[in-house]
Amino acid sequence: VLNDDLNAFFLLFGSCMVFFMQAGFAVLEVGAIPHRLGGRVLLKNIFDACIGALSWWAFGYALAYGSDSFQKNGDNGFIGRSGFFYENQGTGEDASPLTGTRFARTYGQIFWSYQYAFAGVATTIVSGALCGRCTFFSYAFYSFIISGFIYPIIVHMAWSDDGRFSAYRDTRLVAGCGVVDFAGSGVVHLTGGFSALILTNFVAPRRGRFPTSTADAERFERPPDSGPAFSTLGVFILWTGWFAFNGCSTLAVTNGSAGIAAHAVFNTMLAASAACLSGTIISAIHTSGTAFWCCGIEGEGDDAWWRRRDHTKIGALVDISYTLNSVLAGLVSITAGCAVMNHWGALITGTLAGILYYLSSRILYLLKIDDVVDAFPVHGICGAFGVLATGFFATPFYYKLALSSEPGRADRCAGIFYGGTGGTLASGAAFILVVSALVGACLVPLFLILHAFDVIDLEKPPPPLLPSTFDGATTSNSFVSPRASSLAPWWFRRIFATSRAPLDTSMKNTRQVPKFQEIPARKTPAKFRKQSQATTISSFRNASQNEELPDVPSFG
């Protein structure tokens, strides 16, 4: 009983830490957007947590950890089929995998809370990519679908004992090993990152993000001067929460699990630090010798609004956004193999993740896909890389401690650099393809339907209240690009013409207030105006004779 209590408290602590990562995402996103959009983004983050909790309680947990017969007879292996609305969770095979049947009715709720916190992270990743460019209804709809249906299916395939790709059993393993995703590089981050890539193609990029002239670039609404401070604070919060994200994924702290948790935290710190250095260095190398512009575009002269930087100072070559995202890239990449790699594998994985993040971020810009916080390069690309990295750097010693003590399996399923047969790498590659196909097959049709009803893009400008009083201008939101989003992603727009008219491009950086014209006085003929003036003077004289006028102070 004492061990169960310790394990439950361990997961309780992990649940709080992982849930607090929501604050890190919120602060990070606020630092990357204009100040006026902060309330809109924070509201969506709040509803992420609320909608995610209800959908995870009603459907998600049952689909993720409900009963399945794949381990017995090979059927299903994709979704759970029991425990909806958290019913019948106290006995039998429906009990929590944390404590078994005896304490599942009480301690199973701790496991539910911990897994819910993970679902919230997967959902919130998309919020940073959109950052105020979609309607509240479409984002709430996405939050419900991803946390209640798509993410739980992926969890079941990878983490449930009966999941088709699971490595937490000894029979019916994909490629003889199963996928090694200890804390969710693929399950959590690849799901959220690929969802962000899909949704960013259904909304218009920010105005001036991909300028064609100096005038167009001036319309780009940059974050406030306090933006880097908020983003840095957000990264530190996420970094701290990541220790529980990876370390508490042992799901227990007794019977040797504490050592595995400590090893996971150790590798997490090494990978994040290595990625920070590699991502910063490659960004500085890429920008040295050339003009490095504040918003990542090349200008037409030193007199442009972005100003050329002094390249003799290190601060001129380092963009803090690349540094911060490189840290997150290292954290994402090590999440899958934090418990099965040694310190050298973690160091190499983090170093490659920083480089891979920067290259994918630049490619995304060249493709004119506006991902505000680089959610897809950080979570999608580096999440997939983290799953593949376990197929190279997993060691037999740590594999046996963290996953399975079956004789011969650790040597067979280790990374190919440590004598493995490649089964872990093959199952990881197959898992990445299945996750990408599942997310795409679910989200693309849904949002094509929503786009047909015109409920995805940012709300249209309201009609003017007094059209005749506007000084030749119309209202517009400067955060929306002149190129409105079309009915399909960017690769589809290259083939077919868009069906949406461009928004007004005459506005500047700020939302303009209509200039009301002064209504002129009515004109009267001269003879009637003189007669009226004479009548007014005569009336005033008569009144002054009959009434006592008040004393007027003298300012002499």
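The values are calculated or read from the model by the stated rules, or taken from the named source; none is laboratory data. Treat the numbers as computed from the prediction; the structure is a model and nothing was measured. So basically every Cβ, Gly included, is an ideal-geometry build from the backbone, and we count neighbours across all protein chains shown. Just the protein is used for accessible areas: all its heavy atoms, side chains included, with ligands, DNA and RNA removed. Shrake-Rupley method; radii C 1.70, N 1.55, O 1.52, S 1.80 Å.
Using DSSP to define loop residues, name the chymotrypsin sites (Phe, Trp or Tyr not before Pro) in the range 115-144 whose beta-carbon has at most 15 other beta-carbon atoms within 10 Å.
Here no loop site has a sparse enough neighbourhood.
Rounded to whole Hz and in sequence order, give me ³J(HN,Hα) for the range 248-256 from the Karplus expression 6.51 cos²θ - 1.76 cosθ + 1.60, θ = phi - 60°, writing x for Gly and Pro.
Each residue's phi maps through the Karplus curve to give 7, 6, 5, 6, 7, 10, 9, 6, x Hz.
When the solvent-accessible surface of protein heavy atoms is calculated with a 1.4 angstrom probe, in what order do 219, 409 fall, highest first?
219, 409
Efficiency by 1/(1 + (r/R0)^6): what FRET value for residue 43 and residue 236, r their Cβ-Cβ distance, R0 = 25 Å, to the nearest 0.05?
The computed FRET efficiency comes out at 0.60.
Compute the distance in nm between two label points, each set 7 Å from the Cα along the Cα-to-Cβ direction, one at residue 367 and one at residue 169.
3.6 nm
Output ³J(HN,Hα) for the range 268-282: one whole-Hz value per residue in order, computed from phi by the Karplus curve 6.51 cos²θ - 1.76 cosθ + 1.60 with θ = phi - 60°, and x for Gly and Pro.
4, 5, 5, 5, 5, 5, 5, 5, 4, 5, 5, x, 5, 5, 5
Report, in whole Å, the centroid distance computed from the Cα atoms of the range 61-79 and the range 129-163.
19 Å
Computed FRET efficiency, Cβ-Cβ of residue 285 and residue 73, R0 51 Å: what is it to the nearest 0.05?
E(calc), rounded to 0.05, equals 0.35.
HN-Hα J couplings of the range 62-71 from phi, Karplus 6.51/-1.76/1.60, θ = phi - 60°, integer Hz, Gly and Pro as x?
Rounded to whole hertz, the list is 5, 5, 7, 10, x, 5, 8, 10, 5, 5.
Quote the FRET efficiency, to the nearest 0.05, computed for residue 36 versus residue 411 with a Förster distance R0 of 56 Å and r equal to the Cβ-Cβ distance.
That pair, residue 36 with residue 411, gives E of 0.45.
Taking a spot 7 Å from the Cα of residue 137 along the direction of its beta carbon, which residues of the range 45-61 have an amide N less than 20 Å from it?
Within reach of a label on residue 137: 45, 47-48, 51-52.
What chymotrypsin sites (Phe, Trp or Tyr not before Pro) in the range 387-453 are in a loop by DSSP, with at most 14 other Cβ atoms within 10 Å of the Cβ?
453
Rounded to the nearest 10 Å², what accessible area does residue 87 show when all protein chains are kept and the probe is 1.4 Å?
So the heavy atoms of residue 87 present about 110 Å² to solvent.
Check residue 69: other-chain or 5+ apart residues with amide H under 5 Å from its amide H, H built from backbone geometry?
So residue 69 has HN proximity to 77.
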